[in-house]
Amino acid sequence: MTPTLWRDRLTALNSALLAALFFLVPTQIAPAYVLTGLMLVFWLIEGRWQQKWHSLRGNPVFWVFQAYFWWVVVSLLWTADMAGGWNMVSRYLFFLLAALYFTVARREHTGRYLAAFAIGVVLCEVLAAYNWLQLNHYPDWPQGLRAEKDATETAPFVDRILFGPVLAFAGYVGAWKAVSTSGRVRWIWALTVLSAFAVLTFSGSRVGMIGFSLMMALMAFQRLAKHKVLALVSAAAVLAGCVWGLVTFSDTVTRDRIGLILSESQQLDTAVNESLPHRYKMAVNTMHIIAAHPWLGVGAGDFTAEYKVVNDQRSPEWLLTRNPHNQLLFNLVTTGVVGGVLLFAVWVAPPWLTRRWPDDGLRQLRIGLPVFYFLICLSESYIWRSNTGLMFMLFAALLYGPGPVPGEAARSSVRPRRESAPAGG
């Protein structure tokens with residue numbers, strides 16, 4: 001077997017491993033690390049360094065991601081807790097691994113990546129539905145796989161904090177596929193949207209429900225973007241319909257959690273350690289730290305210690321935290337203004353830098369991915385969290401890694417309907 005053939009097989013094998021990572025997004029993160037390590041070994045053996053470097057050198061999104069990661073490393077220069085600092089750096093390793101993921105992703109394999117992601121999500125939805133039935137109607141059934149959070153948790157591997165956003169984004173991807181493909185397969189994708197909706201009604205994930213509703217509205221706007229007024233009206237109608245449907249069909253646990261938003265919002269300073277007031281208190285305390293260290297932040301490893309000092313002074317009865325539950329505040333407090341600007345670049349630059357690429361049918365997703373993460377990162381540091389951090393980087397590799405292929409390869413994976421305009425944002 002010739003060296004070229006061996007390299008081609010390693011390339012194909014790594015693409016298959018990348019599809020497996022898409023499948024693992026809603027499950028445990030440890031297998032994803034193992035597969036990434038295996039992928040890295042094959043990537044190193046494969047060689048083709050000039051080709052890979054040429055691909056990365058000309059990709060501005062890759063350099064934005066590298067700047068974001070390495071600024072966290074640079075902040076170790078002024079952090080006191082080096083162990084905590086390196087732990088923080090490890091949380092953002094997916095950005096360093098963009099060099100691997102961006103060069104492994106194959107545009108012609110778009111369909112298999114999305115299918116692997118959808119299958120993984122649907123499998124977890126089935127397990128979650130079993131858990132809900134066992135908890136609420138069939139207590140004699142054997143206990144299923146359940147995340148260790150509380151007695152009402154139904155998610156099988158990761159708790160509702162991570163599972164809900166994955167469901168929401170899976171719903172958006174399913175809706176995009178349903179409206180951009182033809183034939184029977186679009187109905188299968190439509191079912192994935194309905195399944196995400198159904199599981200969100202008993203997931204207890206308020207972020208997931210809000211994210212799903214907003215992304216369905218975005219999809220409606222994107223499909224009708226050429227008719228601005230109609231697009232805005234349709235987006236508003238879809239948003240209202242999704243919110244109404246999710247609230248109406250929610251189970252008792254989820255509906256109670258929704259109701260807490262209203263009650264807790266009226267007692268932000270008095271409902272000590274309740275969910276929404278605690279987030280508010282964490283934000284206020286974090287902003288006091290930012291005000292004291294505006295330009296460089298406290299360094300990657302010192303947030304926990306600095307927060308304890310401020311919390312002890314201003315709100316000693318409130319619980320401590322290692323994460324302010326807001327990605328922007330987290331970057332500002334640890335890496336300063338530069339870190340905040342780089343985070344905005346991670347959200348804004350990719351769709352802007354790729355806006356002139358030939359339309360290969362993926363433009364809507366290129367916009368939808370950063371919009372989704374900007375929205376959910378207002379309530380949690382989802383780029384810092386494991387599963388959602390992996391999901392961001394995998395979709396970023398797919399959407400911004402390989403260049404656009406407007407010809408046969410792109411059509412085979414996206415298959416836009418002949419009678420409609422190409423998907424565009």
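The values are calculated or read from the model by the stated rules, or taken from the named source; none is laboratory data. Owing to the predicted nature of the structure, the values given are computational and were not obtained by experimental measurement. Glycine also receives a Cβ, built like all others from the backbone with ideal geometry; neighbour counts cover every protein chain displayed. These area figures cover heavy atoms from the full protein model, side chains too; ligands, DNA and RNA do not enter into them. Shrake-Rupley method; radii C 1.70, N 1.55, O 1.52, S 1.80 Å.
For this structure, a couple of remarks:
- Checked against (1) more than 26 Å from residue 221 (Cα to Cα); (2) assigned to a helix (DSSP H, G or I); (3) in contact (Cβ under 8 Å) with a residue 24 or more places away in the chain, residue 158 passes all but a single condition, namely (2).
- All positions within segment 124-164 that are modelled with pLDDT of 95 or more and hydroxyl-bearing (Ser, Thr, Tyr): 130, 138, 154
- Residues within segment 128-149 that are charged (D, E, K, R) and crowded, with 19+ Cβ neighbours inside 10 Å, tallied: 1
- Single condition residue 98 does not satisfy, out of (1) open to solvent by 10 Å² or more (accessible area, probe 1.4 Å); (2) touching a helix residue (DSSP H, G or I) at 6+ places or on another chain (Cβ under 9 Å): (1)
- Residue 285 vs. criteria at pLDDT 95 or above, within 24 Å of residue 381 (Cα to Cα) and open to solvent by less than 60 Å² (accessible area, probe 1.4 Å): yes
- Failed criterion for residue 150 (all others in (1) under 19 Å from residue 121 (Cβ atoms); (2) over 18 Å from the mean Cα position of the chain (by Cα) hold): (1)
- Within segment 201-235, tally of residues that are farther than 16 Å from residue 363 by Cβ, aromatic (Phe, Trp, Tyr) and open to solvent by 20 Å² or more (accessible area, probe 1.4 Å): 1
- Checked against (1) over 18 Å from the mean Cα position of the chain (by Cα); (2) of a type in the set (Gly, Ala, Ser); (3) more than 21 Å from residue 353 (Cβ to Cβ), residue 90 passes all but a single condition, namely (1).
Listed here are the residues, each with its yes/no results for (1) crowded, with 24+ Cβ neighbours inside 10 Å; (2) farther than 26 Å from residue 384 by Cα; (3) touching a residue at least 40 places away in the same chain (Cβ under 8 Å); (4) aromatic (Phe, Trp, Tyr).
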site	(1), (2), (3), (4)
153	no, no, yes, no
181	no, yes, yes, no
186	no, yes, no, no
189	no, yes, yes, yes
194	no, yes, no, no
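- Some residue of segment 311-319 being surrounded by fewer than 16 Cβ atoms within 10 Å (Cβ to Cβ), in a helix (DSSP H, G or I) and within 25 Å of the chain's Cα centre (by Cα): no
- Taking the criterion of being buried (at least 21 other Cβ atoms within 10 Å of the Cβ) and outside any helix (DSSP H, G or I), the residues of segment 333-376 that qualify are 360, 361, 362.
- Helices (runs of 4 or more DSSP H) lying entirely in segment 8-92 (those with 2 or more residues that are buried (at least 21 other Cβ atoms within 10 Å of the Cβ) and at pLDDT 95 or above): 30-46, 60-74, 82-91
- Residues in segment 16-58 that are among the basic types (Lys, Arg) and either touching a Lys or Arg at 6+ places or on another chain (Cβ under 7 Å) or within 23 Å of residue 163 (Cβ to Cβ) (or both): 1 in all.
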